[in-house]
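Have a look at the structure below before the remarks.
The values are calculated or read from the model by the stated rules, or taken from the named source; none is laboratory data. Source: prediction; values computed, not measured. Cβ atoms come from the backbone with ideal geometry, glycine included; neighbour counts cover every protein chain shown. Accessible surface areas use protein heavy atoms only, side chains included; no ligands, DNA or RNA. Shrake-Rupley method; radii C 1.70, N 1.55, O 1.52, S 1.80 Å.
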Amino acid sequence: MLLGIEPRRRLDASGCLVMPGLVIAHTHLYAALARGMAAPPGPTRSFQEILERVWWRLDVALDEESLRASAEEALLDAALSGATVVIDHHESPSFIGGSLDVLVQAARTVGVTVALSYGATDRHGPRGAADGLAECERAIREGLPAMVGLHAGFTVSDETLGAAADLARRKGAWLHVHAAEDRCDVESFKRLDRVGAIGPRTLLAHGVHLSPGERARVEEAGAWIAHNPRSNLQNAVGYADVRTLGSRVALGTDGMDGDLFTEARVAHLCARKAYGPEGGIDAVSLLAKSQCLADAAVGPRPGDWIVLEYDPPTPLTAATLAGHVLFGLGTRHVRDVVVNGEAIVEGRRSTRVDGARVHARAREQAVRIWERMA
Ligand SMILES: [Zn+2]
């Protein structure tokens, strides 16, 4: 098979599996420098303690340089893993104004399509929350690929929540927010719904602790849920029951890496653990739903393809594809990645950036930020 890429260029994909580019429905590009970071002293006993002692210390230490290094690293990893669209949820409380520009520049450098949001929060007072929303508003006004963001109901006041819903309404923008990820955020959905924030342009991350009535409401409103099973396991927040989350469930990696094949596998295993032998997920549908989310959020992308060098040991057909996704395919098979007709990865290497330099800069910035946190 020959794929038409840039003018007069052809990519030879004979003998390979060609799929649409994958979509990461929820992640945090700012989290890439956390790998290997020292754990906080003593045990973390709750989700809130994990946030307070790990993530809220990391995000406040971010500056422009470290954010750029983190975003380039995370986007390069996503590209090499076969993701052509990344929906990011960002926070850097010491560097809010202009932070979404840094993420857009990183995306343009690596070649991945992004949809960004600054997760406004009252953790640093009403001023911090207003600055977060102002950054979203500025980005939308300037035509950047931006959504309105809120961290999560439990860290925002009713005023901030109402202002975010109002901003999204005025701009016709998406709203991207963590919802009911942990028991500490069970009140969040009701409050979001009360201000009219739940609709077809709402992306709720996690939804682990949504009640049956709230799940029905998500479905009725046409809202989306990003399922992040590996992160849910890591934070021990509980099982997000995919069978009852509605018909618009997409797959996110929540800052872990760019590997949607592993995420799909873990989603399946979590469903088996929850339901026994009757449990499981349809991996292909879940990945396809993420495509539908991207179609709605960033527009259709007929020029996004990935080429996987995969010689199947058993017949590969439409009927067996889900089994190959869950038990065979992995990021190691991703050879080429085409975004809007341009090969951004060829032969497992970025055509846009020098991977070694991106990693070296990330290591350098990781040391700086870990020192600041200590
Ligand atoms: Zn998240």
Hey, among the residues in the stretch 69-104 that are touching a Lys or Arg at 6+ places or on another chain (Cβ under 9 Å) and farther than 23 Å from residue 130 by Cα, which one's surrounded by the fewest Cβ atoms within 10 Å (Cβ to Cβ)?
80
Filter result for the condition that a residue is within 23 Å of residue 51 (Cβ to Cβ), of a type outside the set (Lys, Arg) and more than 16 Å from the ligand (Cβ to nearest atom), over 203, 175, 133, 150
133
Per the list (1) among the hydrophobic types (A, V, I, L, M, F, W, C); (2) away from the ligand (no atom under 16 Å from the Cβ); (3) open to solvent by less than 10 Å² (accessible area, probe 1.4 Å); (4) over 16 Å from the mean Cα position of the chain (by Cα), residue check on residue 39 breaks on (3)
Under 8 Å between Cβ atoms, at least 6 apart or on separate chains: pull out the pairs that start in the stretch 323-334 with a residue that is in contact (Cβ under 8 Å) with a residue 24 or more places away in the chain and end on any residue that is surrounded by fewer than 19 Cβ atoms within 10 Å (Cβ to Cβ) and outside any loop (DSSP other than H, G, I, E, B).
325/284; 330/262; 331/262
Which listed residue is in contact (Cβ under 8 Å) with a residue 60 or more places away in the chain, more than 14 Å from the ligand (Cβ to nearest atom) and open to solvent by 20 Å² or more (accessible area, probe 1.4 Å), from 57, 53
57
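Could you check, for the stretch 235-243, whether at least one of its residues is among the hydroxyl-bearing types (Ser, Thr, Tyr), closer than 21 Å to residue 273 by Cβ and within 15 Å of the ligand (Cβ to nearest atom)?
No: the stretch 235-243 contains no residue that is among the hydroxyl-bearing types (Ser, Thr, Tyr), closer than 21 Å to residue 273 by Cβ and within 15 Å of the ligand (Cβ to nearest atom).
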State all residues of the stretch 105-130 that are open to solvent by less than 50 Å² (accessible area, probe 1.4 Å) and among the charged types (D, E, K, R); if no residue qualifies, say none.
122
